[in-house]
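Participant: Here it is, the structure, as structure tokens.
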Amino acid sequence: CRGPISSALVVGSRAGHGSRMSAPMMANVADTLATMQGPDLYWEEIGPLQDPPKEESDFKEYDTFSTFLAACQQHGVDLTQPDITVLAPGNVACEQFSAVAGPLTKAVCEYHVIKGVVNKDSLGSADLTTVEGSTITYRRMFRKDFLDNAFCGQPSSPPRTSYCANVKADNGLIHGLNEVIYPGWSESSGGYGSEGDAATRA
């Protein structure tokens with residue numbers, strides 16, 4: 001994930017006697033998600049079917065977070081509240097979830113918001129209680145950090161998609177997810193994203 005260009009710039013006065021650096025201006029989580037690039041997407045198996053044909057490994061576009069943001073807005077899930085960590089699924093992940101489980105509900109949206117600011121390196125030891133009220137399960141498998149059925153903040157080399165981590169906003173942090181997570185998931189549930197799901201074997 002890549003943030004808006006302006007977020008990479010910190011404007012300040014020249015350091016010297018009596019001068020102070022101006023504080024960087026950041027946006028809240030909702031505004032940051034609305035402007036940052038999501039996971040990088042590749043043509044994969046539909047590449048050769050294009051006219052002209054594309055390689056499966058050719059870059060296609062950056063995903064966005066508009067589906068998740070719209071669902072949060074629709075259900076009144078506040079991404080501007082202080083001290084939160086938002087686990088953000090891109091539009092592709094939301095579409096895949098909705099095809100199986102229906103539209104994102106208020107509970108599902110709230111389940112992506114952790115109370116407190118949790119760095120990716122602290123996911124294994126932090127309290128992962130969500131605004132929804134349930135607690136997310138952390139697992140370390142296949143050299144990846146899993147939160148329930150999804151892996152989180154995973155850098156990869158093309159053509160594998162990368163997911164962001166530790167994106168700073170003025171009210172918390174954002175970590176990217178490869179799948180939508182939901183309350184009630186368990187490794188033995190046999191449902192979407194369970195141990196039988198292909199994503200957990202990737």
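Participant: Going by amide H atoms built from the backbone, whose H comes under 5 Å of the H on residue 132, apart from near neighbours?
Facilitator: Answer set, sorted by chain and number: 111, 113.
Participant: Straight-line reach from residue 106: which lysines have Cα under 17 Å away, leaving out those fewer than 8 places along the same chain?
Facilitator: 115
Participant: Mind checking which lysines have their C-alpha under 17 Å from residue 144, skipping anything on the same chain fewer than 8 residues away?
Facilitator: The qualifying lysines are 120.
Here, each number is a calculation from the coordinates, and none is a lab measurement. Quantities reported herein were computed from a predicted structural model and do not represent experimental measurements.
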